[in-house]
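Novice: Would you mind keeping the following structure in view while I ask a few things?
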Amino acid sequence: MAATVTPARTPRPQTATPTLVPIDLSIALPTATAQPLPTMTPMPASPATPGTLTPRLVQVVERYGMDMARRFVVIDLLSQSMTVWDPEAAPRHAHQHGR
């Protein structure tokens, strides 16, 4: 008589017990580094153009060093006015009228 083999359970591998490790969950934020502020050097205005500007616009151009050879827009919130400067055209002004 032939012997029959009884199936046996396959042994499971031993799983290592996990070791708890503390984890740092804090978020690192970059710290500000003191840096010198850039200084603006006014661009020299062409001598012929400032005569066509209002005195207020000349002050703005000198204060912020705007290039008179390029177009720019100045908006004055206090007087609710806007001036468009184009070196090839006369300055255009617009004012907000009261409601």
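The values are calculated or read from the model by the stated rules, or taken from the named source; none is laboratory data. For clarity, every value in this text was computed on a predicted model and none was experimentally measured. Here the Cβ is made from the backbone with ideal geometry for all residues, glycine too, and neighbour counts use every protein chain on show. Ligands, DNA and RNA are stripped out before the accessible areas are found, and what is left, the full protein with its side chains, is counted by its heavy atoms. Shrake-Rupley method; radii C 1.70, N 1.55, O 1.52, S 1.80 Å.
Novice: Give the number of residues within the range 4-33 that are open to solvent by less than 100 Å² (accessible area, probe 1.4 Å) and at pLDDT below 75.
Specialist: The total comes to 2.
Novice: Can you give me the number of residues within the range 77-94 that are over 15 Å from Leu53 (Cα atoms) and surrounded by 11 or more Cβ atoms within 10 Å (Cβ to Cβ)?
Specialist: Within the range 77-94, the first condition is being over 15 Å from Leu53 (Cα atoms), and the residues that meet it are 77-80.
Next, from what is left, pick out any that are surrounded by 11 or more Cβ atoms within 10 Å (Cβ to Cβ): 80.
Residues in the range 77-94 being over 15 Å from Leu53 (Cα atoms) and surrounded by 11 or more Cβ atoms within 10 Å (Cβ to Cβ): 1 in total.
Novice: Looking only at residues that are outside any loop (DSSP other than H, G, I, E, B) and among the hydroxyl-bearing types (Ser, Thr, Tyr) in the range 67-88, which one is nearest to Leu57 (Cα to Cα)? Break it down stepwise before answering.
Specialist: Start the filter on the range 67-88 by keeping residues that are outside any loop (DSSP other than H, G, I, E, B), which leaves 72-76, 81-85.
When the remaining residues are screened for being among the hydroxyl-bearing types (Ser, Thr, Tyr), the result is 81, 83.
Working: Ser81: 11, Thr83: 8 Å.
Applying the filter and picking the extreme gives Thr83.
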